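Just below is one structure, and these are the notes that go with it.
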Amino acid sequence: VRYSCYRILRKQKNHSVLSEEITQGQITENSPEIILSQKELQIQVHLAINSLPRELREIIYLFYIEEHSQKEVATYLDLRISTINNRLHSARKILKRKMFDMVKESARKNPIPEEFAELIGKIIRVQGPVIEAEVKKGRISSLFENWSMTGKEKNSVINFAVIQREVNGRLRLLNLNSDQKVKKGAKIKATENKSPLITSDELLTNTIITLSPGGKKKIKPIETGIKIIDLIAPLASRGTLGLFGPQGTGKAILVMELYHRLKRMKEKLSLFYFVATEEAVNIRELINREPNFPPDISTALETSWLVTKKATDPIFSKSNGILNTSLFFSPLMSCRDLYPAIDVLYSSSQLLKSKMISRNHLEVIKRICDLINGCRNMDYDEKFLEYVAIGAYSQARQHYHQKSNRKLNKSDQEKIARLRKLELFFTQPFYTAEPFTNIPGVSVSLADTIEGCLAILDGEVDNIPEKYFGFSGTLNDIKRK
């Protein structure tokens, strides 16, 4: 089609006369006549293009300036190829044939319209299933936003999902059709589909491996000052961390807190925030309206957001074998206002299998897990679990405290009391939550955390009321209350 247009254009007298004059050297590029002619031409071009209906103007830019095929244009605009062909024909008819070639050349020299620049990206790096695309700097890109390009196979489309927001004109996306390879330089386009696309289990594994920091240096524990993390599931420098659990359990707050606590760390931690499908929209809105939410790429922390069915799977959190550390956030904790709402039994760290963790540390973890396993059936009854399952958290909380007054034998009462003090001891004020709670954030060393846990497990603080253990720092802080 385009070549037919060219043949018509070459027949135009004005075009032939001008070409002949230039070849004969009668006018030069910098002559006033040429400059004036170019200015007049640009005015004519802009008037002609702007006079086109929007549906025709879009196709002119995508087909002639961006040089996409009719098939690609059809994919981008969600139209049939026959419709694209018909609209191109209509646009050429409106734009006078005698000036069409000049229209194309002049338009090529001018920037692509703002509305298209916002929608088109160029792949500049391919790393396994992950790509980086160059987009307009400062473009507001939402997490889980869908992009696409035409595949090599007939009628095939390759879909991408944004997993890291724009930084310095670069956007990181996941190739959801990773069986179809893409190359640097290829163009992708934002689609109108806003529904989050799910990452398959195999692609999830490949993505984590691809984005892991790696390197030759050995990983080592990071002491964050967050009691439950440093004791139960320590983080690894230059390692990976996965956040699991349903929405509303405080995962996003931990991202903000880790960014605050680790920002001076020299070695990067790769954080993977796993999102259930129904959670994706809420997370996107939260980040967009929270001005202080940290960037996805910083010196110490790199966050990737992945929509997956595994997001709320406690078994996968505990035993995935891919991540250095997994933290499972449980509504069983959050509905009782125990934050961070990390479930001890379904969180894990590969560092616990290394020689870098002391024997005393491991023994404390074992004693805590034994206590939880021995008490959970007594502490959580069926009614409480039903309330939590349907999201009736206020009823669950009320039922829990009413049930806590039921009669138990002395030995069971002692175990339950120590478990609750331990759970409250693991709660902690965060620095990033100070504006909302009016409670100053605290950091507690691993040594002080172990000391406090041992005192609770051994019954040394049985005489201190339960209410003093919540949202405190060290054992000495609790005693001072």
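The values are calculated or read from the model by the stated rules, or taken from the named source; none is laboratory data. Just so you know, these numbers come straight off a predicted model, no measurement behind them. Neighbour counts run over all protein chains shown; Cβ positions are idealised from the backbone, glycine included. Keep in mind that these areas ignore ligands, DNA and RNA; they rest on the heavy atoms of the full protein, side chains included. Shrake-Rupley method; radii C 1.70, N 1.55, O 1.52, S 1.80 Å.
The protection proxy used here, the mean number of other Cβ atoms lying within 10 Å of each residue, ranks peptides 394-401, 283-290, 125-132 as follows, highest first: 125-132, 394-401, 283-290.
Cα-based Rg of the stretch 251-397 per 2.2 N^0.38 Å, rounded to two decimals? Show your work: numbers first, answer last.
Values: Rg = 17.0 Å, N = 147, 2.2 N^0.38 = 14.7 Å.
Output field value: 1.16.
Under the simplified labelling scheme, the S200-S411 pair shows an inter-label distance of 5.3 nm, with each label point 7 Å from Cα along Cα→Cβ.
The ellipsoid equivalent to the alpha-carbon distribution of the stretch 339-481 has semi-axes of 24, 20, 18 angstrom, derived from the gyration tensor eigenvalues as √(5λ) and listed largest first. Couplings for the stretch 53-61, taken from phi via the Karplus curve 6.51 cos²θ - 1.76 cosθ + 1.60 with θ = phi - 60°, read x, 4, 5, 7, 4, 4, 5, 4, 5 Hz in order; Gly and Pro are left as x. The H on the amide N of S237, modeled in the peptide plane, is under 5 Å from the matching H of K220, I222, each at least 5 residues off or on a different chain. Extension gain, T210 to D381, is 57.3 nm, computed as 0.36 nm per intervening residue step minus the present C-alpha separation. Among the listed pairs K71/K122; K93/K189; K353/K479, a Cα-Cα separation exceeding 26 Å is found for K93/K189; K353/K479.
The 3J(HN,Hα) values that the Karplus relation (6.51, -1.76, 1.60; θ = phi - 60°) gives for the stretch 422-437 are, in residue order, 5, 4, 5, 4, 6, 6, 7, x, 9, 5, 6, 9, 3, x, 9, 9 Hz. Gly and Pro appear as x. In a fully extended conformation the segment linking L47 and D337 would gain 98.0 nm over its present Cα-Cα distance, using 0.36 nm per residue. For G242, enumerate residues with amide H under 5 Å from its amide H, sequence gap 5+ or separate chain, H modeled in the peptide plane. Hits under the 5 Å cutoff: F272, T325, S326, L327. Scanning residues 5 or more positions from R165 or on other chains, those with amide H under 5 Å from its amide H are D296, with H placed 1.01 Å from N in the peptide plane.
Tell me which GluC sites (Glu not before Pro) from the stretch 423-481 have a DSSP coil assignment and no more than 10 other beta carbons within 10 Å of their own.
Values: sites: E423, E451, E460, E466; in loops: E460.
Counting only loop positions with at most 10 other Cβ atoms within 10 Å, none of the GluC sites (Glu not before Pro) in the stretch 423-481 qualifies.
In this entry, the stretch 422-481 is assigned a mean projected area of 4.0 nm², taken as a quarter of its C-alpha convex hull surface. For the stretch 218-226, the Karplus equation 6.51 cos²θ - 1.76 cosθ + 1.60, evaluated at θ = phi - 60°, returns couplings of 6, 6, 9, x, 9, 8, 8, x, 8 Hz by residue, with Gly and Pro reported as x.
May I ask for the equivalent-ellipsoid semi-axes of the stretch 312-411, computed as the square root of five times each C-alpha gyration tensor eigenvalue and listed largest first in whole Å?
Values: eigenvalues 161, 67, 20 Å².
Sorted largest first and rounded, they come to 28, 18, 10 Å.
Within the same chain, lysines fewer than 8 places from K263 are excluded, and of the rest, those with a Cα less than 26 Å from its Cα are K137, K216, K217, K218, K220, K227, K251. Under the simplified labelling scheme, the Q398-K154 pair shows an inter-label distance of 6.4 nm, with each label point 7 Å from Cα along Cα→Cβ.
Placing R92, R359, R87 in order of accessible area, with the largest value first and a 1.4 Å probe, yields R359, R87, R92.
Three principal axis extents describe the C-alpha atoms of the stretch 205-276; from largest down they are 38, 31, 21 Å.
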